[in-house]
1. Convex hull over the Cα atoms of the chain, averaged projected area in nm²?
2. Per 0.36 nm of contour for each residue apart, how much would the distance between Asp59 and Ser151 grow if the chain were fully extended, relative to their Cα-Cα spacing?
3. Just to be sure I understand the model, the point goes 7 Å from the Cα along the line to the Cβ. What's the resulting Glu49 to Thr255 distance in nm?
4. Quick check: convex hull of the Cα atoms in the range 21-170, volume per residue, rounded to a whole Å³?
5. So what does the Cα-only Debye profile of the range 40-89 read at q = 0.19, 0.23 Å⁻¹, as log10 I(q)/I(0), no solvent term?
6. Show the residues, 5+ positions off or on another chain, whose built amide H is closer than 5 Å to the amide H of Tyr244.
7. Considering only protein heavy atoms, what is the solvent-accessible area of Met335 at a probe of 1.4 Å, reported in Å² to the nearest 10?
8. Could you give each residue of the range 134-143 its phi-based ³J(HN,Hα) in whole Hz, using Karplus coefficients 6.51, -1.76, 1.60 with θ = phi - 60°, and x for Gly or Pro?
Amino acid sequence: MNNGIVVLLSNNESAMNYKSNTYRYRQDSTFIYFYGLSLPGLTAVMDLETGTDMLFGDDYTIDDIIWMGEQPSVAELAARCGVEKVCPTADLQQFIQKAQNAGKTIHFLPPYRDDNRLFLSHLTGISVSEINAKASVELIKSIVNLRSIKSAEEVQEMDKICNTGVKMHTAVMQLCHIGTTERRLAGSAEGIALSEGNGVSFPVILSQNGQTLHNHDHSQILQDGRLLLADMGAEAISCYNSDYTRTFPVSGKFTQKQKEIYEIVLKANMETIEKAKPGIPYFDVHLHAVTVLAEGLTALGLMKGEPQQAAKVGAVALFMPHGLGHHIGLDVHDMEDYGEDYVGYDQTIHRSTIFGHASLRCGKVLQPGFIVSDEPGIYFIPQLIDIWEKEKKFAEFINYEKVRQYLDFGGIRIEDDLLITGTGCRVLGEPLPKTVNEIEAIVGTK
Ligand code: GLY
Ligand code: MN
């Protein structure tokens, strides 16, 4: 990119229930990536033609400092990140309009917060309803190319915050006992995330009803015979994120039926680690993982027919209606605000339209420096089973009579974060119990 002006907005504070009671502040990830400043009220401008960088913002006044303490000036912030020019926010609209009148392209990213949508509309004169559609595809693609390849410093941050994720999961496994509440476990994990970083990387998913893919309900008491699914990670002070899932028996001992399904998911997770390497489309790895699930489910009599074909046509989506993984970095679904297809697909690999495969967030050819999640699962979702059975959907591949024996099973997902290296991949962070033996040895030990 070498023409026009790039305008990047910081995130503002967001009110929880009244203006001065705000949610935990989270800077926009693109703003962090380029400027490293986790503060609201800033707009950065890059003039691609002159090479000038500018920071627009307003210094805090004594009325703010009384409540907030001493604050750096905008000039000090600019100096910290090598920006040479500083201007008050009041000058921004005129600056943008002058550039527009001079025929310069204004490149901006699609805003995901309404206040920034309104602000961009005010700055550019583009109507609020058109702002997202007018975002710069050229800018999006350029930044995706940069952010997809993690530097050594970024990998170091990711490894560190993965270790916090490992501690969260280890604690939850150890504290898991029949009669304990899901809330206690979720809270213990969140405390670890807060004590080592900014907090959780997304609201904790922890439930015995693991068949609901993103279950944030922690209202149940842990019961003998149930499986507990925990999908959680932490965010570092630098804002890099981790994302792990483990599923384990509340009692500390898998039943035979649970173990059989668990081993299938584990095989899909482990074979993904073997297959993920530069030059391979992640869609192919996803398809391989789904085929492993089909083979295992066929061996158990839950599916029938040719497993490879069942995987390809989407029959396995009854059991795994999501994709194998997504990019991870400054966002737990990295860069998803730009539009998933710009991040996970390109001219060579297009998103499938088949239910299940269509939910794969990253299908691209893998490159060294990518960090992606590896998260296969098998779920028994009674509502989905009912619909498919009534429609006799994929009846040539699914043994509905047998599937009905699993309606109260729940769900299993196993997730690790993989760094694509020059020759293969590496699981980030310290090892986290994953095999049946490792899980049974740790659950309930504290
Ligand atoms: N761990 C949550 C997700 O990947 O969507
Ligand atoms: Mn994930």
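The values are calculated or read from the model by the stated rules, or taken from the named source; none is laboratory data. These figures come from a predicted structure and were not determined experimentally. No Cβ is skipped: glycine too gets one built from the backbone with ideal geometry, and neighbour counts run over all protein chains shown. In case anyone asks, the SASA skips ligands and DNA or RNA and just uses the protein heavy atoms, side chains included. Shrake-Rupley method; radii C 1.70, N 1.55, O 1.52, S 1.80 Å.
1. Working: hull surface 93.4 nm².
Result: a mean projected hull area of 23.3 nm².
2. Numbers: separation 92, 0.36 × 92 = 33.12 nm, distance 3.30 nm.
Full extension of this stretch gives 29.8 nm more.
3. Each label point is offset 7 Å from its Cα along the Cβ direction, giving 7.1 nm.
4. On the way: hull volume 26.1 nm³, N = 150.
Here the figure is 174 Å³ per residue.
5. Values, matching the q order: -0.62, -0.82.
6. Met232, Gly233
7. 0
8. 8, 4, 7, 5, 4, 5, 4, 5, 5, 6
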